[in-house]
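Written below as structure tokens is the structure these notes are about.
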């Protein structure tokens, strides 16, 4: 059983490498912050610390079960862009979707590198290559803000661009609880056509929250050989609005939802889900209508 593979939506494994030749930034500070005096060490959600003899699969699974059902008061839409050879810009659109009890929250921007375990590289699995943090200023339901950070990464000889991931983590700096996290794989822009989509993707609607309308965008890398479906659902899983059920060409697409259902009736305030489905891709995102 591989918890990481099965739970990638909920678990983002970050290893601050203590290996002296490739020590991650802030590695020693992390040890002191979480008081991880015994190794191995694992922290679930920033508040459930497992040390040494506790680091078993059973205990990992129990800790995972405790946090996986927790509803976050934030959403994060994360993007990563390469500015120069070893310089990257991370951008996170953060939305407050529920009541927040802490006003001392930080957002961390992190670039990681997958370094798979082998005989030549026994030191780390997912290494923090660079990190920055910023105060989260929004606390009221419906507020949104975009936070950015430019991170310069000194690439190691055995690191590859295709192994880089961007991570954003919102943390309560009073009790260290992780309130929300997101990760985004870095994909190089196509050299032949920088405007052409390089992956199928469903973007976060904008604006979000919204009133009275919002734009939903998605990318297709090739002409669909089957019907494309873009459907909006309510919290009960009932279909509210369907935009597509037909074939579409490759490229960037967008629609505007005016907050009305298929019968032209205005819907009530609340959380809605929109799902893009193709023959080999399916993704759902959440949005908030406030009237």
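The values are calculated or read from the model by the stated rules, or taken from the named source; none is laboratory data. Keep in mind the model is a prediction, meaning the values are calculated, not measured. Every residue, glycine among them, receives a Cβ derived from its backbone with ideal geometry; neighbour counts consider all protein chains shown.
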- [ ] Output the residue which, of all residues in region 96-120 that are part of a loop (DSSP other than H, G, I, E, B) and surrounded by 14 or more Cβ atoms within 10 Å (Cβ to Cβ), is modelled with the highest pLDDT.
- [x] 97
TODO: Would you point out the residue of region 35-48, among those that are surrounded by fewer than 16 Cβ atoms within 10 Å (Cβ to Cβ) and out of contact with any helix residue (DSSP H, G or I) (no Cβ under 6 Å at 6 or more places or on another chain), that is modelled with the highest pLDDT?
DONE: 47
TODO: Have a look at 60, 64 and point out the one that is touching a residue at least 60 places away in the same chain (Cβ under 8 Å), on the phi < 0 side of the Ramachandran plot and either in contact with a helix residue (DSSP H, G or I) (Cβ under 9 Å, 6 or more places away or on another chain) or in the same structural domain as residue 206 (by TED's automatic domain parsing) (or both).
DONE: 64
- [ ] Enumerate the strands (runs of 3 or more DSSP E) found wholly within region 125-197, keeping only those where 2 or more residues are at pLDDT below 80.
- [x] 126-135
- [ ] Within region 244-271, work out how many residues are assigned to a strand (DSSP E or B) and either within 13 Å of residue 211 (Cα to Cα) or free of Cβ contacts under 8 Å to residues at least 24 places away in the same chain (or both).
- [x] 9
